[in-house]
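Each remark here refers to the structure printed beneath this line.
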Ligand code: C2E
Ligand code: CA
Ligand code: CA
Ligand code: CA
C-alpha cells in the first residue's frame, strides 16, 4: 500500500514498538539473571554407540525466569551474544560445568571417566581471554583437562581460520578436547579442517533426525565419518531420537550418540540419577 500512496513505510508500528520494549526489558532481566542465580545447567547424556556406555554429558544452559519459567537458550543466547552478556554468562557455564563434573567424580565411584562438553559462543572464542579463563577453572576445580570438551561451531571456526588455529593450539596445550559443533551445516574447507587441532566432529542433528530425505542424510553421515577417520577424529551424532536412527549409526560405525532416545537434557539431580542407574545396569 505504501507504494501506491507514495507514503513511506511506518517503521515503528505499535507491534514493533512493543517488541522492542520487550527486548529491552529482556536484556535488563538477563543482565540480572546471573547475579540472581536464575541460570541453570541441564545435562544431556552422550553414549558410546558400540557399547551404549555413558561417556559424559553436554551442559546446556537454561534461564529459570521468575515469571516466564524455564526459557530455552534459543530465546536468550542470541541476545546475550549481541549485548556482550554472553561473556560473563559463558564463563559461568564453564566454571559451573567443571565444578559439577568435579563433584560427580569425587562422590560417585567410576565417574572419573565421565566428561563434560561445554558450548563456546562466537564472542567468547574470538576475544575473551578464553584460554586464561579455562586454565584458571581447571586449576580451581582440579578436573582432568582431558575430561573437558569445548564445542565450537563449524561456522565460528571457519570465520578466521588463522585465529582459530592459534587459539585452538593454546587450548589444546591445556589438555582440553575440542569438538566442532553443528558439523555439516557450514562450509568447511578441507584444507583448513586438516590444520585445526581438533578431536571430534559433532554431526548436526538435521542429518540425524531431520525431515529431509533419510537416504541422502545417511550418505552425508557416512562421508563425514570417513572424513573423520582420515583426519583421526571421532564422530558424535546428536539428535538421535529413535532406535532405527541409532541402528543406522551402528551400521556406519559412528562413535558416539546423543539425543532424546537416551535422555532429554535434565537437571543435575536427574543427571546424577542417570549416572547411578547406568552403573547399576
Ligand atoms: P547445540 O549445541 O547444537 O545443542 C543441541 C540442542 O539439541 C540442544 O537444544 C538439545 O536439547 C537439542 N537436542 C538434543 N537431543 C535432541 C533430539 O533428540 N531431538 C531434538 N529435536 N533436539 C535435541 P537446547 O538445549 O535448546 O540448545 C540450543 C542451542 O543453544 C545449542 O545448540 C547451543 O547452540 C545453544 N546453547 C545451549 N547452551 C549453551 C551455552 O551454555 N552456551 C552457549 N554459547 N550456547 C548454548
Ligand atoms: Ca553443542
Ligand atoms: Ca550441535
Ligand atoms: Ca545447533
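Brief remarks follow.
- Single residue of the stretch 5-34 satisfying the filter (in contact with a helix residue (DSSP H, G or I) (Cβ under 9 Å, 6 or more places away or on another chain) and part of a helix (DSSP H, G or I)) that is modelled with the lowest pLDDT: 23
- The residue that is farthest from residue 203 (Cα to Cα), among those in the stretch 145-163 that are in contact with a strand residue (DSSP E or B) (Cβ under 9 Å, 6 or more places away or on another chain) and more than 16 Å from ligand 1 (Cβ to nearest atom), is 145.
- Exactly one residue out of 127, 147 is farther than 25 Å from residue 265 by Cβ, over 13 Å from the mean Cα position of the chain (by Cα) and more than 13 Å from ligand 2 (Cβ to nearest atom), and it is 127.
- Leading residue by the ranking (farthest from residue 125 (Cα to Cα)) among those in the stretch 175-223 that are within 11 Å of ligand 1 (Cβ to nearest atom) and part of a helix (DSSP H, G or I): 206
- Strands (runs of 3 or more DSSP E) fully within the stretch 35-100 that include at least 2 residues being within 30 Å of residue 278 (Cα to Cα) and without any contact (Cβ under 8 Å) to a residue 60 or more places away in the chain: 54-65, 69-71.
- Per-region count, the stretch 224-241, residues touching a strand residue (DSSP E or B) at 6+ places or on another chain (Cβ under 8 Å), assigned to a loop (DSSP other than H, G, I, E, B) and within 16 Å of ligand 1 (Cβ to nearest atom): 2
- In the stretch 118-146, the residues that are farther than 20 Å from residue 99 by Cα form Cβ pairs under 8 Å with partners that are part of a loop (DSSP other than H, G, I, E, B), at six or more places apart or across chains, as follows: 123/84; 126/160.
- The one condition in (1) surrounded by 14 or more Cβ atoms within 10 Å (Cβ to Cβ); (2) within 16 Å of ligand 1 (Cβ to nearest atom); (3) assigned to a helix (DSSP H, G or I) that residue 244 fails to fulfil: (1)
- Residue that is nearest to residue 147 (Cα to Cα) [pool: residues in the stretch 117-135 that are within 11 Å of ligand 1 (Cβ to nearest atom) and in a loop (DSSP other than H, G, I, E, B)]: 120
- The one condition from (1) farther than 20 Å from residue 254 by Cα; (2) surrounded by 20 or more Cβ atoms within 10 Å (Cβ to Cβ) that residue 172 does not meet is (2).
- Hey, residue 93 buried (at least 20 other Cβ atoms within 10 Å of the Cβ), more than 26 Å from residue 136 (Cα to Cα) and within 13 Å of ligand 1 (Cβ to nearest atom) or not: no
- Residue ID - nearest to residue 178 (Cα to Cα), chosen from residues in the stretch 199-219 that are touching a helix residue (DSSP H, G or I) at 6+ places or on another chain (Cβ under 7 Å) and buried (at least 16 other Cβ atoms within 10 Å of the Cβ): 201
The values are calculated or read from the model by the stated rules, or taken from the named source; none is laboratory data. Here the structure is a predicted model, which means the values were calculated and not measured. Cβ sites come from the backbone with ideal geometry, for glycine too, and all protein chains shown count toward neighbours.
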